[in-house]
1. One residue is enough: does segment 197-208 have a residue meeting the conditions in a helix (DSSP H, G or I), of a type in the set (A, V, I, L, M) and either open to solvent by 80 Å² or more (accessible area, probe 1.4 Å) or touching a Phe, Trp or Tyr at 6+ places or on another chain (Cβ under 8 Å) (or both)?
2. Whether any residue in segment 31-48 is touching a residue at least 12 places away in the same chain (Cβ under 8 Å) and in contact with a His (Cβ under 9 Å, 6 or more places away or on another chain) is what I want to check.
3. Any residue in segment 134-152 that is open to solvent by 70 Å² or more (accessible area, probe 1.4 Å), without any contact (Cβ under 8 Å) to a residue 24 or more places away in the chain, in a helix (DSSP H, G or I) and not basic (K, R)?
4. Of these, E55, E71, E64, which one is touching a Lys or Arg at 6+ places or on another chain (Cβ under 9 Å), open to solvent by 60 Å² or more (accessible area, probe 1.4 Å) and either more than 21 Å from I169 (Cβ to Cβ) or in a helix (DSSP H, G or I) (or both)?
5. Of V224, V193, V233, V186, which residue is over 30 Å from Q57 (Cβ atoms), at pLDDT 95 or above and open to solvent by 60 Å² or more (accessible area, probe 1.4 Å)?
6. How many residues are among the polar types (S, T, N, Q) and either touching a strand residue (DSSP E or B) at 6+ places or on another chain (Cβ under 9 Å) or open to solvent by 40 Å² or more (accessible area, probe 1.4 Å) (or both) if we restrict to segment 30-52?
7. Which of the residues belonging to segment 85-117 are open to solvent by 30 Å² or more (accessible area, probe 1.4 Å), under 17 Å from the mean Cα position of the chain (by Cα) and not β-branched (V, I, T)?
Amino acid sequence: SGGLYEATKASGIGIDMAGITALIQSVMTPLLGIIFAASVILGETSYRRLKATCEKQQTAEDEECDRLEYEEEKEGAFGMNISVVSQVLSILVLTFGYSMKYITSDGHAFRFLAACIVFIACFIYEYFWQIRYVKLLQKTHPEKKGEPSSLKFQEQWLESCDEAEKEIIYRSAYKAYMTVNRTVPVLLVGTMVANLYFDTGMFAVVVVSVIWLLMQFTYSHYCVKLRKTRALVR
């Protein structure tokens, strides 16, 4: 693999990861600050639109209420997506500086500390944004139960949903499972190729493999468990 790596690098195919890492490390704190600021602006804008939609539902007729519930779902999905994207980007940026070699050289410790503060602030904001989002939905739909900070929140929320809402959740979850099931093998091949050509290490391959196994074993376990429960009921 070393020969292939050197050959691709010499031919211009290889990627200068060291240069990319050094570039991101030099702007790590301001880059995290931009991500944080963007997430706050987009998050608050989304929350205000969602709140306005929820308030309209209080006095809406049935047909209008159906449209507003669709708008509520769409706006909530946008806000949650922004929240997750913000957290993922923050992790990726911070990871470039997350090494003792960088932290202990040339006084980088203070820069890394500043980056960590912005990183934590971003995660705290996203955590409370999600709690505010859930509380707003519970205020609009009092039948929805569950404490957002509880580890059993998802179960409590699901139990308070009606059959139509549960069907939407189940079908969406299955679509998500199928998407991940098709994507993980591609990612596994991608990490293997990256390790071959760019010497990225085996850890990424191991992580993707574990995710694939965990997903498959979990799905199979609950299929068998639910089938057993159904057989016992009959």
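1. If we filter segment 197-208 for residues that are in a helix (DSSP H, G or I), which is where we start, we get 197-198, 203-208.
Keeping just the survivors that are of a type in the set (A, V, I, L, M) gives 204-208.
After this cut, where a residue has to be either open to solvent by 80 Å² or more (accessible area, probe 1.4 Å) or touching a Phe, Trp or Tyr at 6+ places or on another chain (Cβ under 8 Å) (or both) as well, the list is none.
There is no residue in segment 197-208 that is in a helix (DSSP H, G or I), of a type in the set (A, V, I, L, M) and either open to solvent by 80 Å² or more (accessible area, probe 1.4 Å) or touching a Phe, Trp or Tyr at 6+ places or on another chain (Cβ under 8 Å) (or both).
2. Looking for residues that are touching a residue at least 12 places away in the same chain (Cβ under 8 Å) and in contact with a His (Cβ under 9 Å, 6 or more places away or on another chain), one finds none in segment 31-48, hence no.
3. Looking for residues that are open to solvent by 70 Å² or more (accessible area, probe 1.4 Å), without any contact (Cβ under 8 Å) to a residue 24 or more places away in the chain, in a helix (DSSP H, G or I) and not basic (K, R), one finds none in segment 134-152, hence no.
4. One residue alone meets the criteria, E64.
5. Working: V224 fails: at pLDDT 95 or above; V193 fails: at pLDDT 95 or above; V233 fails: at pLDDT 95 or above.
None of the other options fit; the residue is V186.
6. Residues in segment 30-52 being among the polar types (S, T, N, Q) and either touching a strand residue (DSSP E or B) at 6+ places or on another chain (Cβ under 9 Å) or open to solvent by 40 Å² or more (accessible area, probe 1.4 Å) (or both): 1 in total.
7. Q87, L89, L92
Yes/no matrix, rows are residues, columns are (1) within 30 Å of G19 (Cα to Cα); (2) touching a residue at least 24 places away in the same chain (Cβ under 8 Å); (3) in contact with a strand residue (DSSP E or B) (Cβ under 7 Å, 6 or more places away or on another chain); (4) among the basic types (K, R):
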| residue | (1), (2), (3), (4) |
| --- | --- |
| E165 | no, no, no, no |
| I169 | no, no, no, no |
| M178 | no, no, no, no |
| P185 | yes, yes, no, no |
| N195 | yes, yes, no, no |
| D199 | yes, yes, no, no |
| F203 | yes, no, no, no |
| V206 | yes, no, no, no |
| C223 | no, no, no, no |
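The values are calculated or read from the model by the stated rules, or taken from the named source; none is laboratory data. It should be emphasised that the depicted structure is a prediction, and the values quoted were computed from it without experimental measurement. Don't worry about glycine lacking a Cβ; one is built from the backbone with ideal geometry, like all the others, and counts go over all protein chains shown. With ligands, DNA and RNA removed, areas are computed over all heavy atoms of the protein, side chains included. Shrake-Rupley method; radii C 1.70, N 1.55, O 1.52, S 1.80 Å.
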